[in-house]
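Below: the structure, in structure tokens.
The values are calculated or read from the model by the stated rules, or taken from the named source; none is laboratory data. What you are looking at is a predicted structure, and each value in this text was computed from that prediction instead of being measured. When we count neighbours, we look across all protein chains shown, and the Cβ atoms used for this are built from the backbone with ideal geometry, even at glycine.
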Amino acid sequence: MNLAGLSLYKIPNSAPIPYELLLLADESTNAIDKYVHDCKSHLVKYHLKTIGVCAIQEIDSQTIEIKNLAIINDYQNKGIGSWCLQEIEKIYKRKYILVGTGDSSLDALRFYKRNGFEQDAIRKDYFLANYDQAIIENGIQLRDQIVLKKTLIY
């Protein structure tokens with residue numbers, strides 16, 4: 001796939017929240033509502049077609065956290081997620097990028113580690129405390145959130 005047709009479009013604060021895209025990477029609108037209002041969100045577009053979303057929370061002057069990064073199924077495994085991470089680095093220019101994922105979310109863990117992230121912390125019982133229903137991935141109930149961190153040099 002030619003990545004030259006990709007762009008990130010910042011969603012204005014007044015625009016509707018793109019729940020249908022955010023739900024690709026999160027389980028419920030209630031969970032999304034806990035972070036999305038504190039984020040800057042971007043649509044991922046390929047030749048003007050919306051194919052994904054990312055929600056970024058600015059933690060402090062040195063750190064951002066990717067709260068949601070989702071690409072629709074037809075466009076997954078084509079390098080778009082990695083492209084998004086590179087664009088986020090360029091836009092936000094922070095020393096640290098954090099991302100949290102489930103303790104049994106093996107594909108997500110592999111993806112972020114392949115893109116230079118390393119395990120930094122564990123948020124104990126995160127999924128038990130923040131979701132109304134059990135989330136099962138790879139046959140295992142999500143319990144803890146694994147926080148991964150990438151350190152950039154500017």
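For the subset of the range 47-73 comprising residues that are of a type in the set (D, E, K, R) and touching a strand residue (DSSP E or B) at 6+ places or on another chain (Cβ under 8 Å), which member is farthest from residue 11 (Cα to Cα)?
65
Quick one: in the range 95-137, of everything that is within 25 Å of residue 76 (Cα to Cα) and of a type in the set (Val, Ile, Thr), which residue is surrounded by the fewest Cβ atoms within 10 Å (Cβ to Cβ)? Only one residue tops the list, namely 136. Considering the range 53-67, the residues that are among the charged types (D, E, K, R) and surrounded by 16 or more Cβ atoms within 10 Å (Cβ to Cβ) include one that is nearest to residue 31 (Cα to Cα), namely 67. When the range 138-154 is filtered for residues that are surrounded by fewer than 19 Cβ atoms within 10 Å (Cβ to Cβ) and farther than 19 Å from residue 56 by Cα, the ones remaining, listed by number, are 138, 139, 140, 141, 143, 144, 153, 154.
May I ask you to list the residues in the range 2-39 that are part of a loop (DSSP other than H, G, I, E, B) and either exposed (fewer than 12 other Cβ atoms within 10 Å of the Cβ) or of a type in the set (Ser, Thr, Tyr) (or both)? If the condition is that a residue be part of a loop (DSSP other than H, G, I, E, B) and either exposed (fewer than 12 other Cβ atoms within 10 Å of the Cβ) or of a type in the set (Ser, Thr, Tyr) (or both), then 2, 12, 13, 14, 15, 16, 28, 35 are the ones that fit. Tell me yes or no: at least one residue of the range 88-104 is touching a Cys at 6+ places or on another chain (Cβ under 9 Å) and either assigned to a helix (DSSP H, G or I) or farther than 29 Å from residue 16 by Cβ (or both). Yes: the range 88-104 contains one or more residues that are touching a Cys at 6+ places or on another chain (Cβ under 9 Å) and either assigned to a helix (DSSP H, G or I) or farther than 29 Å from residue 16 by Cβ (or both). Residues in the range 68-89 that are without any contact (Cβ under 8 Å) to a residue 60 or more places away in the chain, surrounded by fewer than 17 Cβ atoms within 10 Å (Cβ to Cβ) and within 21 Å of residue 57 (Cβ to Cβ): 82, 86. For first residues located in the range 1-17 and touching a residue at least 12 places away in the same chain (Cβ under 8 Å) and closer than 11 Å to residue 45 by Cβ, partners that are in a loop (DSSP other than H, G, I, E, B) and not acidic (Asp, Glu) and lie 6+ apart or on another chain with Cβ distances below 6 Å form the pairs 5/47. Of all residues in the range 67-87, which are closer than 21 Å to residue 20 by Cβ and assigned to a helix (DSSP H, G or I)? 73, 74, 75, 80, 81, 84, listed by residue number. For the range 117-132, does any single residue satisfy the condition of being within 16 Å of the chain's Cα centre (by Cα) and part of a loop (DSSP other than H, G, I, E, B)? Taking every residue of the range 117-132 in turn, at least one turns out to be within 16 Å of the chain's Cα centre (by Cα) and part of a loop (DSSP other than H, G, I, E, B). Taking the criterion of being in a strand (DSSP E or B) and of a type in the set (Ser, Thr, Tyr), the residues of the range 44-66 that qualify are 46, 50, 63.
Quick check: is even one residue across the range 102-112 touching a helix residue (DSSP H, G or I) at 6+ places or on another chain (Cβ under 8 Å), within 21 Å of residue 52 (Cβ to Cβ) and at pLDDT below 95? Yes - at least one qualifying residue is present in the range 102-112.
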